Amino acid sequence: MSSNLNVRLSLSHPFIPSATHLEEPYYALLDIQPVEDGAGAGRPPLNLVIVLDDSATMHHFQFTEEEKEYWMALAISRDEIERGTADNRSAVYWTGQTLKEMRSAAITPMALATQAIKQLLSTLTPEDRVSVIIFADRLHTLFGDQDWSAFPNRCIENLDALREQRLGIDIGTGTYMADAITQAGESLARNTSPYSINRLIVITDGIVQDPAVTLQRVTDVQERGYAITTVGIGEEFDEEFLIKIADNSRGEYHYAADTTELVACLQREVTSLQAVSVTDMYMAVRGLEGAMVKEAFLVRPSMTLFDEIYTEDDWIRARIGDVSSASPVGVLVQFIPGYTSPGSHMVAEIMLTWSYASATTGSGKGNEKTVVTAEFTSDRDKVALVNAPVMDLVDRFTVYKYEREAQRAQERGDFELAKDKLGAATKQLHKLGEKDLAHDMEEQLATIGKRGGGDTVRLKRIKSTTRRLANTNTSTDPDRLF
C-alpha cells in the first residue's frame with residue numbers, strides 16, 4: 001500500500017465575484033489517487049468472503065413466456081411437474097427427462113453466479129484467502145479459505161455440485177441473509193492481517209425475507225471496518241436494499257442482467273481490490289474566510305450520497321473507505337463564498353486521513369491537508385468563465401440526485417413529486433446527450449403510480465447506469481478547462 005496521495009483540485013468557477021453576498025453554490029472537485037510506493041512489492045493479499053444466495057429462485061430457469069409455455073406443456077404431457085414454494089411464493093418445479101433437457105437448453109441465475117465465481121477464483125494468487133458461504137432459510141459454508149488453499153479443485157467441484165443441485169444438503173428454499181452476513185464477518189476477521197484487503201461480496205437474485213435484521217448485521221460488519229459489495233442478478237431482486245447495504249458499508253453495488261455482465265462485475269470488483277492502496281479514508285472539510293460548506297458528494301468511482309455526515313466545530317466529516325489506484329475517488333464539495341475583497345482568498349480546507357500497510361513500507365496512518373483557493377474579482381468577463389468539465393460532472397450528479405429523490409418520493413407514495421424529479425432528470429440527460437438513459441427514464445416516468453411499476457429490468461438498468469454516470473463525462477485536466 002501507499003502512504004502518499006496525488007490530490008488535485010478543480011473549481012467550477014475559476015473567478016468568483018468579489019465584495020458580493022452570494023447564494024449561488026460553487027463547487028470544488030477533489031480527485032484522489034494513491035501514489036505507487038515504487039518498491040516493487042507485490043500487491044497486498046485479498047481476504048474475500050462471497051455470500052451467495054442459494055434460494056429456490058436461483059435455480060429457476062430464465063425463459064420467455066413462449067419458452068415457458070413450451071416446457072410447461074411438455075412436462076405436463078410427461079407428468080414431470082411438481083408444485084412447491086420459493087421465497088414463500090408458489091413455484092413450479094420440473095423433473096425427470098424434461099429437467100435434463102431444460103438444463104442443456106436454458107440457464108439459471110445459479111449457473112451465472114458459479115461461472116462468474118470460478119472466473120474470479122482463476123485470478124487469485126496463493127496468498128489470497130477466499131471463502132464461499134451459501135444461504136437460503138439456513139446457511140452453509142461451501143468452502144472456507146483453508147479448503148481453497150489446500151484443495152482448490154475440490155472447491156471448484158463444490159461449485160459445480162451447487163449449480164447442479166447435488167450437494168446433498170438441505171438449507172431450505174427461502175432468502176434469509178442475516179446469519180450469512182454474520183458468518184462472513186467472522187470469517188473476514190479470522191483472516192484479516194495488517195496487509196490484507198478485506199471485502200465481503202453478496203450475490204443474490206431475490207428479495208430478502210429478513211431485511212431489518214440483515215441491515216443490523218451489515219452495521220456490525222461495517223463497524224469492524226469491512227466494506228460490502230452487492231451484486232443483483234436478473235429481474236426480481238430488491239435493488240434498493242442492495243444499494244443501501246453497499247452505501248452504508250462504503251462498498252459497491254452492481255447490477256448484472258446476464259452471464260457476461262455478472263462476470264464483468266466481479267472482474268471489475270476484483271481488479272479494483274487488487275489495486276487498493278489506502279484503506280479506511282475519512283474526509284473533513286470546512287469553509288474559510290466567510291465561506292460556508294454546504295454539502296459533499298462522492299462522484300467516483302460511483303455516485304453516492306454519503307449515508308452519514310458528521311458536523312463538528314465547523315467541520316463536515318464523511319467516510320470515503322478504501323481507495324484503489326485502478327478506481328480513483330472523486331468528491332464534489334459544494335460551498336458558498338463569503339463577502340470578500342478582490343484577490344486570492346482561501347475558501348475551504350480539506351483534511352484527508354487514511355491507513356496503509358505493506359511488507360516494504362510498514363504500516364501506519366497517513367494524512368494530507370489541502371486548501372481550496374479562489375480568485376475573487378469584479379471583472380464580469382472573468383466571472384462569466386466556467387470550468388466546463390467540472391460543471392458537466394455537477395450536472396451528472398444532479399441527475400443521480402433527482403433519481404434518488406424520485407425513488408424516495410415513490411416510497412412515500414408521493415407520485416407527483418416522483419414524476420417531477422424524474423422528469424427533471426430526463427431533461428438534464430437530454431442536455432448531456434445521454435439519449436439511451438433519457439429514453440429509459442421517459443419510459444419509466446410513464447409508469448409511476450401505476451400498478452406493476454413498469455419494466456423491472458429497465459428500472460434496475462436506470463439505477464445502475466445513473467450511479468456510474470460520472471464515468472462517461474469529459475476530463476477535468478486543468479489544461480482542458482474552458
- request: Give the Rg (one decimal place) followed by the Dmax (whole number) of region 71-219, computed from C-alpha coordinates and expressed in Å.
  value: 17.6, 61
message: Take the residue pairs LYS401/LYS460; LYS294/LYS382; LYS68/LYS401 and return only those whose Cα atoms are more than 28 Å apart.
response: LYS68/LYS401
Chymotrypsin sites (Phe, Trp or Tyr not before Pro) lying in DSSP loop within region 108-155, provided at most 10 other Cβ fall within 10 Å: none
message: What do you get for GluC sites (Glu not before Pro) in region 99-178 restricted to DSSP loop and a cutoff of at most 15 other Cβ within 10 Å of the site's Cβ?
response: GLU127, GLU164
query: What trypsin sites (Lys or Arg not before Pro) does region 103-180 have in DSSP loop regions with at most 14 other beta carbons within 10 Å?
result: ARG166
- line: The Cα radius of gyration of region 282-370, divided by 2.2 N^0.38 Å with N its residue count, comes to 1.25
statement: Scoring only Lys, Arg, Asp and Glu (+1, +1, -1, -1) among other residues with Cβ under 13 Å from the Cβ of GLU164 yields +1
- prompt: So what is Rg over Rh here for region 1-144, counting just Cα atoms and using Kirkwood for Rh?
  reply: 1.26
Values of log10 I(q)/I(0), in the order q = 0.07 Å⁻¹, for the chain under a Debye, Cα-only, solvent-free model: -0.42
- line: The distance between the Cα centres of region 231-256 and region 340-407, in whole Å, is 28
- prompt: Can you give the Rg to Rh ratio for region 396-477, taking only C-alpha atoms and Rh from Kirkwood?
  reply: 0.98
- prompt: If R0 is 51 Å, what FRET efficiency do you get for THR373 and LYS100 from their C-beta distance, rounded to 0.05?
  reply: 0.15
query: Counting Lys and Arg as +1 and Asp and Glu as -1, each charge on the Cβ, what is the dipole of region 249-383 about the Cα centre in debye, to the nearest 20?
result: 180
message: Output needed: percent of Cα pairs per 10 Å distance bin for region 233-338, bins running from 0 to the one holding the longest distance.
response: 13, 38, 30, 14, 5, 0
- request: As a check on your grasp of the helix formula, calculate [θ] at 222 nm for the chain: sum -39500 (n - 2.57) over DSSP H runs of n ≥ 4, divide by the residue count, round to the nearest 500.
  value: -11500 deg cm²/dmol
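FYI, it's all coordinate maths here, none of it is from the lab. No experiment lies behind these values; they were computed from the predicted model shown. Note that each Cβ is placed from the backbone with ideal geometry, even for glycine, and that neighbours are counted across all protein chains shown.
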